[in-house]
1. Please go through region 45-90 and give me each residue that is among the β-branched types (V, I, T), closer than 17 Å to I112 by Cβ and modelled with pLDDT under 95, ordered by number.
2. So how many residues does region 57-74 have that are under 20 Å from Q106 (Cβ atoms) and open to solvent by less than 30 Å² (accessible area, probe 1.4 Å)?
3. So which residues in region 111-131 are open to solvent by 40 Å² or more (accessible area, probe 1.4 Å) and in contact with a Phe, Trp or Tyr (Cβ under 8 Å, 6 or more places away or on another chain), if there are any at all?
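The values are calculated or read from the model by the stated rules, or taken from the named source; none is laboratory data. What you are looking at is a predicted structure, and each value in this text was computed from that prediction instead of being measured. FYI the Cβ positions are ideal-geometry reconstructions off the backbone, even for glycines, and counts take in every protein chain you see. Just so you know, the surface numbers come from the protein's heavy atoms only, side chains and all, with ligands and any DNA or RNA stripped out. Shrake-Rupley method; radii C 1.70, N 1.55, O 1.52, S 1.80 Å.
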Amino acid sequence: MKRSLSLLPAVILSTSFALAGCQTASVGPDEKLTVGQVQKEIRVGMSGAEVAQVLGSPNVVTTDELRREVWIYDKIATTSANSGYVGGLLTLVFVIPYGYSSSTTQQTLTVIVKFDEQKKVRDFAYHASRF
């Protein structure tokens, strides 16, 4: 019985490596803003309050050459994925894993909303990228 208990640390360690090798993902806090949401919800003639209700607060508020407001939303999301399998050498206490990989993907979304003199949306544009 004592002999099986001496393997317990190795079993716990190998289990923790197996769980660490599972795929995980973490996305930034602004993950709710999507191209589809902009395409579906934003329309010419909307008020600033309606835009803010859909998209939230803009990152930048500025004016154009005619002093009309321009709102800019610039969102970046990072996704990290770790995957692999646990294989390795089992010594008396240590498990040495191999076959582990990880990757990171970044997505950006920039939305520009232009308002007219009555503070209604006159135009909007967006650009999305993934790398």
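1. V54, I76
2. Matching residues across region 57-74 total 1.
3. I112, K114, R122
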